[in-house]
Amino acid sequence: MHYPRVQGSALALCLVEIFRVNGETRLEGDVYVSGAKNSSLKLMAVALLATGQTTIRSVPDILDVTIMSELLRRLGCAVSYDPQTEVVVIDVPESITHRADYDLVRRMRASIAVLGPLIARTGEADVALPGGDNIGSRGLDMHIAGLERMGCTVTSEHGYLVVQAPTGGLVGTHVYLDFPSVGATETLLMAGVLANGTTVIDNAAREPEIADICEMLVEMGAHIEGIGSSMLTVTGVDELKPVDHTTVPDRIVAGTWGVAAAITQGSIAVHNARTEHLSLVFEKLTSAGAVVSEIVDGFSVTMDRRPTAVDIVTLPYPGFPTDLQPQFIAMNAIADGAALVTENLFEARFRFVQELSRLGAEVRTDGHHALVRGRSTLSSAPVESTDIRAGAGLVLAALVADGETIVHGIEHIDRGYVKFEEQLRRLGADISRETIADLV
């Protein structure tokens with residue numbers, strides 16, 4: 001989180017928050033996983049499709065929820081959130097506005113999730129072109145092509161995507177996605193539930209978060225077939241009703257804790273986790289030498305030796321998740337042996353490798369491949385987080401480095417992890433959040 005600048009003559013001082021991490025730590029204990037960030041934000045957008053009061057439970061207390069809440073308020077909704085109970089209540093009026101402003105959308109790419117509901121409810125949408133993590137291009141071409149097939153006219157004006165539905169409403173159609181895009185699947189799904197006729201989304205994304213959205217929509221009265229598959233068939237209905245829905249657990253946060261146990265040669269029990277969503281991640285942790293066991297409400301990971309390097313290839317679900325790639329690179333950096341990590345989804349995902357190298361990691365990149373040669377130790381240094389998962393990976397590396405590491409850019413981590421440093425301290429980490437003056 002950035003604070004106002006203190007003026008200087010040539011350079012300005014800016015107050016920023018950092019993590020101060022003392023390494024050579026072994027983590028042990030229990031953690032609880034909240035609802036998925038990548039689901040809860042979209043579920044909040046889904047609420048726009050029904051007039052009345054919708055309640056969403058297990059919504060993580062993260063910065064992006066605050067941003068999405070403000071976006072919904074500007075669209076005309078009343079939104080309340082209790083971080084203690086992790087419950088958000090959204091009261092949607094009969095009439096909502098259709099403009100999602102740049103100052104919010106630029107801070108969080110998930111804001112684009114309001115595009116489908118706004119078109120379905122109001123027949124039009126002006127949504128600022130989104131920002132978010134700097135991990136590579138994530139264009140809206142498939143969103144636009146699908147909406148045009150449903151009868152919309154789409155233009156780009158002054159940094160906004162301007163979409164107008166046909167006079168008689170959206171028209172059901174068959175849309176084939178060139179790539180199983182999560183965002184495009186969500187947009188077309190939320191637009192299709194109130195369209196005239198049937199919409200088929202072919203080569204749809206299959207992530208558990210997509211299934212979570214589908215399940216909430218069905219509870220609201222939508223007709224959707226093929227949930228969890230690559231072909232979704234959506235038959236439009238006249239209206240939807242508000243519901244009370246609980247968010248699916250965050251598989252990426254759960255996987256991060258699994259890596260945390262492995263990299264620190266520790267033992268962590270992860271509660272409120274769906275093991276069926278992490279089968280490939282468990283295979284990789286097991287190959288690294290960890291013992292992964294199911295428990296009543298999740299799983300545990302125990303590692304009693306230095307990890308063995310493991311190859312990673314990121315792919316759309318059910319493949320290995322790109323959002324766990326930085327954490328596994330961090331683990332491979334101190335592993336026994338060398339590993340090849342292939343990133344197939346985001347071309348800029350390896351940007352954080354330069355920061356990891358400051359800790360002594362030996363990583364060489366070539367296009368979408370990274371060769372990681374494990375070292376027995378890492379050395380502390382100041383590092384900068386560039387996105388949510390890179391930040392998590394750098395903190396994990398700092399936990400096993402010698403000495404004190406300062407992690408800058410922790411506002412990114414706050415967008416995806418609930419009180420990350422507090423949970424780490426409960427597991428035995430020596431980590432603190434501090435405000436310091438930094439030159440800009």
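Only the coordinates and a few stated rules stand behind these numbers; no lab work does. Everything numeric in this text was worked out from a predicted model, so none of it was measured. Backbone-built Cβ (ideal geometry, glycine too); neighbour counts: all protein chains shown.
Give me a comma-separated list of calculated 3J(HN,Hα) values for the range 422-429, in order, Karplus coefficients 6.51, -1.76, 1.60 applied at θ = phi - 60°, integers in Hz, x for any Gly or Pro.
5, 5, 5, 4, 5, 8, x, 6
Could you list which residues have their amide H under 5 Å from that of Ala204, counting only those 5 or more apart in sequence or on another chain, with H placed in the peptide plane?
Met231, Leu232
What label, among (i) 20; (ii) 9; (iii) 14, belongs to percent of Cα pairs over 43 Å apart computed from the structure on display?
Computed from the coordinates, percent of Cα pairs over 43 Å apart corresponds to (iii).
In sequence order, what are the phi-derived ³J(HN,Hα) couplings for the range 74-84 according to the Karplus relation 6.51 cos²θ - 1.76 cosθ + 1.60 with θ = phi - 60°, rounded to whole Hz, with x for glycine and proline?
5, 7, x, 8, 9, 10, 10, 9, 10, x, 6
Using Cα positions and a limit of under 16 Å, work out the lysines in reach of Lys37, with same-chain residues fewer than 8 apart set aside.
Within the straight-line cut-off, Lys37 pairs with Lys419.
For the range 40-239, what is the relative contact order in percent, using Cα pairs closer than 8 Å and at least 6 residues apart in sequence?
Numbers: 423 pairs, mean separation 32.6, N = 200.
Taking the mean separation of contacting Cα pairs over the length of the range 40-239, I get 16 percent.
Per residue, what volume in Å³ does the Cα convex hull of the range 256-380 take up? Could the numbers behind the result be given before it?
Numbers: hull volume 11.4 nm³, N = 125.
In the range 256-380, the Cα hull volume divided by residue count equals 91 Å³.
Any chance you could get the radius of gyration and Dmax over the Cα atoms of the range 40-239, in Å?
Looking at the range 40-239, its Cα Rg and Dmax stand at 15.4, 45 Å.
To the nearest 0.05, what FRET efficiency results for Glu28 and Thr342 with a Förster distance of 30 Å applied to their C-beta separation? Kindly include the intermediate steps, with their values, before the conclusion.
On the way: r = 32 Å, r/R0 = 1.08.
Approximately 0.40, to the nearest 0.05.
Under a crude label model (7 Å from the Cα following the beta-carbon direction), how far is Ser156 from Asp178 in nanometres?
With each label point 7 Å from Cα toward Cβ, the separation is 1.4 nm.
For a protection proxy built on the mean count of beta-carbon atoms within 10 angstrom, sort 316-323, 179-186, 390-397 highest first, please. Walk me through the numbers before you get to the answer.
Values: 316-323: 19.5, 179-186: 22.2, 390-397: 29.0.
Listed from highest to lowest mean packing, they are 390-397, 179-186, 316-323.
Ordered by packing density, taken as the mean number of other Cβ atoms within 10 Å over each peptide's residues, highest first, how do 252-265, 294-307, 204-217 rank? Kindly include the intermediate steps, with their values, before the conclusion.
Numbers: 252-265: 26.5, 294-307: 16.9, 204-217: 23.4.
Put in order of decreasing packing, that is 252-265, 204-217, 294-307.
Compute the label zone of Cys14 within the range 416-435: residues whose backbone N is under 19 Å from the point 7 Å along Cα-to-Cβ.
434-435
I need the calculated FRET efficiency for the pair Arg373 and Asp91, taking r as the beta carbon distance and R₀ as 51 Å, to the nearest 0.05.
On the way: r = 55 Å, r/R0 = 1.08.
Calculated transfer efficiency: 0.40.
Report the far tail of the P(r) of the range 396-440, meaning the percent of Cα-Cα pairs longer than 16 Å. Before the final figure, lay out the partial values.
Numbers: 428 of 990 pairs.
Above the 16 Å cut-off, the range 396-440 has 43 percent of its Cα pairs.
What nm distance separates the two modelled labels at Leu439 and Thr198, each placed 7 Å from Cα along Cα→Cβ?
Here the modelled spin labels are 6.6 nm apart.
In the range 41-111, what GluC sites (Glu not before Pro) fall in a loop by DSSP, with at most 15 other Cβ atoms inside 10 Å?
Numbers: sites: Glu70, Glu86, Glu94; in loops: Glu86, Glu94.
Here the sparse-neighbourhood loop sites are Glu94.
What order, most packed first, do the peptides 238-246, 408-416 have when packing is the mean number of other Cβ atoms within 10 Å of each residue?
Details: 238-246: 16.1, 408-416: 21.1.
Result, highest mean Cβ count within 10 Å first: 408-416, 238-246.
Multiply the residue separation of Ser230 and Glu422 by 0.36 nm, subtract the distance between their alpha-carbon atoms, and state the gained length in nm to one decimal. Write down the numbers at each step before the final one.
On the way: separation 192, 0.36 × 192 = 69.12 nm, distance 3.87 nm.
That pair, Ser230 and Glu422, stretches by 65.3 nm at full extension.
Hey, what number do you get for the chain at 222 nm if only DSSP H runs of n ≥ 4 count, each worth -39500 (n - 2.57), divided across all residues, to the nearest 500?
Working: 14 runs with 127 residues, N = 440.
Computed mean residue ellipticity for the chain: -8000 deg cm²/dmol.
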